[in-house]
Amino acid sequence: MRAYFRLFQFIKPHLGVFGVAVLCMVGSTILNGVQVGAFIPLIDRVANDRALPTLAWFPGWLNGLILWFNSLPQRTLVNLFAVAIPVLFLFKSLLEFLQTFFMSDASQRVVRDLRQKMFDKFTALSLDYHHRQPTGSTMSRIMYDTGIVQNSLIEGLTDLVYQPFQIVIYLAIVLRINWALALMTFVVIPLIALITLWIGRLLKKYSRQAQVVMGQLHSTILESITGIQVIQAFQMERDARVKFASMNERSYRIHRKIQKRMNLLTPMTDFLGAVGASFVFWYGCRQVLEGSMTLGTFTAFFAAMMFLIRPFKRLAKLHSVNQQTIAAATRIFEILDVEPTIMEHPKAKTLPMFRREITYDKVSFQYDNQPVLRGVSLTIPRAEIIALVGPSGGGKTTLANLLPRFFDPTSGRVLLDGVDLRHVTLSSLRGQIGLVTQETTLFNDTVRANLAVGNPSASLSDMVEAAKVANAHAFISRMPKGYDTVVGERGSLLSGGERQRLSIARAMLKNPPILILDEATSQLDAESERLITEALERVCQERTVVLIAHRLSTVRLAHRIVVIQEGRIVEQGSHEELLKTSALYRRFCELQLMHPMAKLGEPHHVPRDL
Ligand code: ADP
Ligand code: MG
């Protein structure tokens, strides 16, 4: 329930729009009340020609109106009503239109803000969150859960204000006309409430299940789309379809359950409404026949009673819709409340330009109690190129990821020029680090836009220069639109080697003093390898480089080689030194000579990617 009220925080900035909608609502309800009240003069005076009574509690103008009304001939009155009724309806419809419009607008605004806020949060959350959370569940929270909130906000907000207001108006009318009869009819209200609470509880439960299934559905779709090539190569289409079908079926079943409960509510409350109405009819008709109530008064009473039941029914429906909203809002706020694990210290300082050295000081790290780094100490002086080699899974990528502070060490410290990374601002730290990762992340945009990620203010000639350094200019120029060619999602229209050279060019444009290169493990042909090695050689000059190397050709660029195995530094030294001292390194080199593309830790050289 708290989640529901927190949603109202999001309405606050749009209270103006909401207020206008409520005003229109109030106006249309009053006109509705006038319409109901008009039954009395219409039937008693116009149809039956009885003088309407003036009443002591009526305001003076109303009594004046009644007297004037009584003085007019019936025929004039018929004409008067013929004109008044459409005019009344016109105004009422106009107000209703405006009310719906502004109400929807307010809810659209709220959902827009919610989505933005969630997206902002996702971009701020640290890598550990994203590694744990399936992409599909993230998608479904932003799209599906906010969608539920939106649907119910339109109905919910309207009803929450409108229905109680209607209840007050019609309640006043029926109590005024005949309070005893009114009270007798109200016994059905607790019954409606009971049914509503029962159905609401069920809906909340199913709604949660629906959200989980929606998340799984989104995950399956994303996974299959991104892995479509592997699915087709391994002929897994059938499995993928079966998996999707079973989840799709579950989603259908849960939504059917929800619909069934929702739609059960209306007939049940309708039935109770009819019971109340027939009682009023029976009792009221007898009073009219006995002459203790006029037909006009009875009709007005009956109409008001009908109008009174409707808001109760709407409130009952609102309650069940709200149960779904609460479930969705809970999941939304769960996300908004996650604190990123990597937080900037409130007193974080700007890191000065990197000058001396990077230091890993007895750094240990674990993912969920799984130790990955065990007490690594390493100093990398400025302008040194250091190569990390070793069996896959040894912790090389993790070690490099600590430098831009994607994670914090579980124990120990990482220092830049003697300053603990946890004490500096993320922007001043990450601004000094260039990153070329194994999975070259390109966006579905032009070459130029992908390069601009490195430096948004770079000119085209800067880009060409960077691309030349990265050996990318030649292939970019060959593409149909050159630098304005769109590279496809994740750069799918480029070859592996081209993707990598493009991301090297991107890092070049940023021109950072520190560079992390996680060499791609994908099989590159000899020509691509030569182009990349050449590019790396140029890129690494005058820079401090952490190079995670899988190929001898790139290892050779390094001043110092560090062998990492099972989270520890087991050897370090130059190529020649290590050839003498390290059996592990010797094996790495031998494998490379036999199979130039083999990687340490994969002695049987099985191509990983098809
Ligand atoms: P390398 O780069 O040397 O191949 P990594 O640093 O990528 O090694 O991985 C080291 C170990 O940490 C591996 O055993 C891997 O399974 C584990 N690991 C890597 N990333 C995660 C993660 N996000 N969550 C849990 N374990 C991880
Ligand atoms: Mg790695």
Quiz item: Applying the selection to the stretch 543-557, what residues are away from ligand 2 (no atom under 16 Å from the Cβ), in a loop (DSSP other than H, G, I, E, B) and within 12 Å of T533 (Cβ to Cβ)?
Solution: R556, L557
Quiz item: Out of the stretch 317-348, which residues are of a type in the set (G, A, S) and modelled with pLDDT of 85 or more?
Solution: A327, A328, A329, A348
Practice problem: Answer yes or no: is there a residue in the stretch 44-59 that is open to solvent by 70 Å² or more (accessible area, probe 1.4 Å) and under 30 Å from Y162 (Cα atoms). | Solution: yes
Practice problem: Search the stretch 34-48 for residues that are assigned to a helix (DSSP H, G or I) and pair each with any residue that is of a type in the set (S, T, Y) and surrounded by fewer than 16 Cβ atoms within 10 Å (Cβ to Cβ) when their beta-carbon atoms are under 9 Å apart and the residues are at least 6 apart or on different chains. | Solution: none
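Condition check: surrounded by 15 or more Cβ atoms within 10 Å (Cβ to Cβ), within 14 Å of ligand 1 (Cβ to nearest atom) and within 17 Å of I504 (Cα to Cα). Does T437 satisfy that? Walk me through it before giving the result.
Details: surrounded by 15 or more Cβ atoms within 10 Å (Cβ to Cβ): yes; within 14 Å of ligand 1 (Cβ to nearest atom): yes; within 17 Å of I504 (Cα to Cα): yes.
Criteria met by T437.
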Exercise. Please tell me if E237 is of a type in the set (D, E) and surrounded by 15 or more Cβ atoms within 10 Å (Cβ to Cβ).
Key: no
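Residues checked against (1) open to solvent by 60 Å² or more (accessible area, probe 1.4 Å); (2) over 30 Å from T533 (Cα atoms); (3) in contact with a Ser or Thr (Cβ under 7 Å, 6 or more places away or on another chain); (4) within 16 Å of ligand 2 (Cβ to nearest atom):
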position: L336; (1), (2), (3), (4): no, yes, no, no
position: E339; (1), (2), (3), (4): yes, yes, no, no
position: E344; (1), (2), (3), (4): yes, yes, yes, no
position: M353; (1), (2), (3), (4): yes, no, no, no
position: F407; (1), (2), (3), (4): no, no, no, yes
Quiz prompt | Test set (1) surrounded by 20 or more Cβ atoms within 10 Å (Cβ to Cβ); (2) small (G, A, S); (3) more than 16 Å from ligand 2 (Cβ to nearest atom) - S427 fails condition number | solution = (1)
Self-check item: Flag if R422 is open to solvent by 60 Å² or more (accessible area, probe 1.4 Å) and part of a helix (DSSP H, G or I)
Solution: yes
Exercise. Give the residues of the stretch 551-573 that are among the small types (G, A, S) and over 12 Å from E384 (Cβ atoms), sorted by residue number.
Key: S553, G567, G573
Quiz item: Based on what the data block shows, is P391 open to solvent by less than 50 Å² (accessible area, probe 1.4 Å), in a loop (DSSP other than H, G, I, E, B), touching a Gly at 6+ places or on another chain (Cβ under 7 Å) and within 16 Å of ligand 2 (Cβ to nearest atom)?
Solution: yes
Exercise. Output the qualifying pairs, or none if there are none: Cβ atoms under 9 angstrom, residues six or more apart or on different chains, first residue in the stretch 388-399 and at positive phi and modelled with pLDDT of 90 or more, second residue of a type in the set (D, E) and more than 6 Å from ligand 1 (Cβ to nearest atom).
Key: G395/E566
Quiz item: So which residues in the stretch 204-224 are out of contact with any helix residue (DSSP H, G or I) (no Cβ under 6 Å at 6 or more places or on another chain), open to solvent by 80 Å² or more (accessible area, probe 1.4 Å) and modelled with pLDDT of 85 or more, if there are any at all?
Solution: K205
Exercise. Could you please find all residues in the stretch 470-497 being in a helix (DSSP H, G or I) and either under 25 Å from S427 (Cβ atoms) or open to solvent by less than 40 Å² (accessible area, probe 1.4 Å) (or both)?
Key: F475, I476, G482, Y483, G491, G496, G497
Exercise. Restrict the check to the stretch 156-165 and report whether at least one residue is under 25 Å from F18 (Cβ atoms) and either in contact with a Cys (Cβ under 8 Å, 6 or more places away or on another chain) or at pLDDT 85 or above (or both).
Key: yes
Quiz prompt | Contacts under 7 angstrom Cβ, first residue in the stretch 477-497 being closer than 16 Å to A467 by Cα, partner part of a helix (DSSP H, G or I) and small (G, A, S), 6 or more apart | solution = G497/S528
Quiz item: In the stretch 93-107, is there at least one residue being of a type in the set (A, V, I, L, M, F, W, C), touching a Gly at 6+ places or on another chain (Cβ under 8 Å), assigned to a helix (DSSP H, G or I) and within 21 Å of V168 (Cα to Cα)?
Solution: yes
Quiz item: Just a yes or no: is a residue in the stretch 358-370 open to solvent by less than 10 Å² (accessible area, probe 1.4 Å), away from ligand 1 (no atom under 16 Å from the Cβ) and either within 21 Å of V545 (Cα to Cα) or not in a loop (DSSP other than H, G, I, E, B) (or both)?
Solution: yes
Practice problem: Read through the list (1) over 22 Å from L127 (Cβ atoms); (2) within 16 Å of ligand 1 (Cβ to nearest atom), then give the number of the only condition that L373 fails. | Solution: (1)
Quiz item: Do any helices (runs of 4 or more DSSP H) entirely within the stretch 123-229 hold 2 or more residues that are free of Cβ contacts under 8 Å to residues at least 12 places away in the same chain and within 18 Å of L265 (Cβ to Cβ), and if so, which?
Solution: 188-226
Quiz item: Right, A449: more than 16 Å from ligand 2 (Cβ to nearest atom), of a type outside the set (D, E) and in contact with a Lys or Arg (Cβ under 9 Å, 6 or more places away or on another chain) or not?
Solution: no
Exercise. Report whether or not A329 is over 30 Å from A124 (Cβ atoms), touching a residue at least 12 places away in the same chain (Cβ under 8 Å) and either open to solvent by 70 Å² or more (accessible area, probe 1.4 Å) or aliphatic (A, V, I, L, M) (or both).
Key: no
Practice problem: Could you run through the stretch 442-467 and say how many residues are of a type outside the set (D, E, K, R), out of contact with any strand residue (DSSP E or B) (no Cβ under 8 Å at 6 or more places or on another chain) and open to solvent by 70 Å² or more (accessible area, probe 1.4 Å)? | Solution: 6
Quiz prompt | One residue from L373, L378 being of a type in the set (A, V, I, L, M), open to solvent by less than 70 Å² (accessible area, probe 1.4 Å), in contact with a Phe, Trp or Tyr (Cβ under 7 Å, 6 or more places away or on another chain) and within 16 Å of ligand 2 (Cβ to nearest atom) | solution = L373
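The values are calculated or read from the model by the stated rules, or taken from the named source; none is laboratory data. Remember, it's a predicted structure, so these values are computed and weren't measured experimentally. No Cβ is skipped: glycine too gets one built from the backbone with ideal geometry, and neighbour counts run over all protein chains shown. Surface accessibility is based on the protein's heavy atoms, side chains included, excluding ligands, DNA and RNA. Shrake-Rupley method; radii C 1.70, N 1.55, O 1.52, S 1.80 Å.
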